1. Scan (1) touching a residue at least 40 places away in the same chain (Cβ under 8 Å); (2) of a type in the set (S, T, N, Q); (3) surrounded by fewer than 24 Cβ atoms within 10 Å (Cβ to Cβ) for the single condition Thr122 breaks and write down its number.
2. Taking only segment 250-294 into account, find how many residues are touching an Asp or Glu at 6+ places or on another chain (Cβ under 7 Å), more than 14 Å from the ligand (Cβ to nearest atom) and within 20 Å of Glu157 (Cα to Cα).
3. If a residue must be open to solvent by 20 Å² or more (accessible area, probe 1.4 Å), without any contact (Cβ under 8 Å) to a residue 60 or more places away in the chain, closer than 13 Å to Pro180 by Cα and not acidic (Asp, Glu), how many such residues does segment 35-80 contain?
4. For segment 126-141, which residues satisfy the criterion of being more than 11 Å from the ligand (Cβ to nearest atom) and among the aliphatic types (A, V, I, L, M)?
5. Kindly check whether there is at least one residue in segment 298-306 that is open to solvent by 20 Å² or more (accessible area, probe 1.4 Å), outside any helix (DSSP H, G or I) and not assigned by TED's automatic domain parsing to the domain that holds Arg275.
6. In segment 209-249, what count of residues is obtained for those that are on the phi > 0 side of the Ramachandran plot and more than 14 Å from the ligand (Cβ to nearest atom)?
7. Got a sec? Which of Leu239, Leu210 is farther than 27 Å from Gln165 by Cβ, open to solvent by less than 10 Å² (accessible area, probe 1.4 Å) and aliphatic (A, V, I, L, M)?
8. Could you list, ordered by first residue, the pairs with Cβ atoms under 7 Å in which the first is in segment 226-247 and among the hydrophobic types (A, V, I, L, M, F, W, C) and the second is in a loop (DSSP other than H, G, I, E, B) and more than 16 Å from the ligand (Cβ to nearest atom), at least 6 apart or interchain?
Amino acid sequence: MKIHWRLRSGIISTLATMLSFGLVACEDAKKSVELRAAEMVGDIAQERLVEMNSGETERAAADLINIPIEIRKISDLIYQARGVSNTNVITTSEGNVVFDTGLATQAAKQRRLLGEAIPGPTPYVINSHSHQDHVGGNSFWLEEGTELITHAEFPEEQRYLKALQPYLWYRNRTLFPFMPENPPDIGFLVYGNDKPTILVDDGEPYKFELGGVRFEVHPTPGAEGADNICLWLPEQKVLFSGDFFGPLFPQFPNIFTMRGEKIRKPIEYIRSLDRIIALGPEMIIPSHNDPIEGGEGLLTSLIKMRDAVQFVHDAVIAGMNDGKDVNQLMKEIQLPPELELSQVHGRVAWGVKSIWEYYATWFHFDTTTELYGVPASAVYADLVELAGADALVERAKKHIDAGRPLEGLHLLEAVLGDGRDHRAGLEARRQALEMLLEEARETFKNSYEIDWLRYRIRDTDSRMVEAG
Ligand SMILES: [Zn+2]
């Protein structure tokens with residue numbers, strides 16, 4: 001029988017509240033009830049996500065949601081619970097080392113399945129970084145005496161991500177409309193309460209041995225935030241990379257995120273890649289999707305990624321010193337054929353802008369109004385009054401028909417700003433957005449660009465409905 005989502009949430013939050021008030025006395029029993037409750041919550045959330053997302057074929061995130069939560073054995077030592085995010089376990093005679101603990105709503109099931117496959121104590125849990133989908137199951141794994149290893153920047157990254165959670169949630173949900181309306185408020189699903197016991201800073205790796213297996217935790221900041229670490233098994237030559245490489249390998253990195261996190265430091269990223277190249281991995285196990293094998297081919301790809309970012313970085317510096325502005329550089333700088341990489345995740349033009357602003361900050365030095373909180377849109381109503389909305393839309397259409405959708409959109413901003421209605425203007429806006437979307441699909445297939453354009457089209461459609 002299907003119980004309504006809200007009712008089921010109600011039952012589960014009552015259960016969760018009972019747990020947090022300590023009504024279940026025995027520690028072990030408490031833990032297992034908590035796990036079962038969390039698994040129920042997770043199943044409902046999963047069902048809902050799959051439902052909301054059905055029919056979606058374009059979005060990379062959609063593929064992740066449909067990955068079954070199941071165990072795979074990668075080698076005699078390495079097990080993985082798959083899902084939106086993987087939970088990886090390296091098993092030894094003295095216990096298990098866990099690398100990333102998955103998305104909160106899937107983590108309980110991952111924990112149970114791994115516990116059944118390779119039971120044993122958990123002396124170490126390692127979080128590749130502080131994002132929700134990598135720390136969600138920490139509470140299910142941490143035992144008395146478990147060391148939680150993170151990068152030294154982890155507490156600060158988690159602090160700011162938690163402080164900005166409403167803002168980030170809104171942005172994520174705009175791009176990924178299948179997400180729940182609000183962040184979960186049920187005890188063990190709440191983000192941002194992790195307390196690492198071992199911090200790895202940007203110097204030497206943290207090394208330890210367990211059950212005869214050697215482990216090295218390497219700082220690799222840069223690609224997915226300032227607090228990235230990778231786990232290296234020197235004897236097996238296996239690298240657990242978290243999100244360092246993003247959802248695809250190889251690819252141009254997401255130095256900037258459209259959802260609006262802190263800018264990532266390009267030089268840090270290049271140095272981290274140097275570190276990984278020096279290790280010479282034969283297998284990379286990312287925390288999303290499948291392991292990557294390939295010896296020499298792996299190394300070639302790693303070098304190409306490093307050289308591509310270095311190339312873009314140096315071209316931005318040269319352009320800045322030549323007095324070029326950021327828009328010009330966004331158009332000019334392109335990867336040479338030998339460094340061509342997928343831009344599905346990070347776009348080179350946005351990397352250019354991020355690097356420019358990382359070094360030069362927000363003041364672009366070309367207008368006075370940039371210094372004050374009065375944007376160009378403050379006089380859009382004047383423009384419309386002087387030129388007439390119909391004339392502006394006419395001119396916008398001319399641009400769009402001539403293959404210049406962005407010039408068209410600028411003019412339409414003036415007409416449609418502040419929620420002003422104009423049927424033909426909205427239609428022209430839709431046409432311009434469709435053109436950009438088609439181009440995005442035919443060229444870089446960048447998932448964030450596609451998600452953004454689809455959001456703007458949905459928004460335009462709903463304004464057209466409102467306008468009647
Ligand atoms: Zn992730």
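1. Checking Thr122 against (1) touching a residue at least 40 places away in the same chain (Cβ under 8 Å); (2) of a type in the set (S, T, N, Q); (3) surrounded by fewer than 24 Cβ atoms within 10 Å (Cβ to Cβ), the one that fails is (1).
2. Residues meeting the conditions: 1.
3. Residues meeting the conditions: 1.
4. Matches in segment 126-141: Ile126 only.
5. no
6. 4
7. Leu239
8. Cβ pairs passing all conditions: Ala226/Glu153; Val238/Pro281; Leu239/Pro281.
The values are calculated or read from the model by the stated rules, or taken from the named source; none is laboratory data. On a predicted model such as this, the values are computed, not experimentally measured, just so you know. Methodologically, a virtual Cβ is constructed for each residue, glycine included, from the backbone with ideal geometry; neighbour enumeration extends over all protein chains shown. Accessible surface areas use protein heavy atoms only, side chains included; no ligands, DNA or RNA. Shrake-Rupley method; radii C 1.70, N 1.55, O 1.52, S 1.80 Å.
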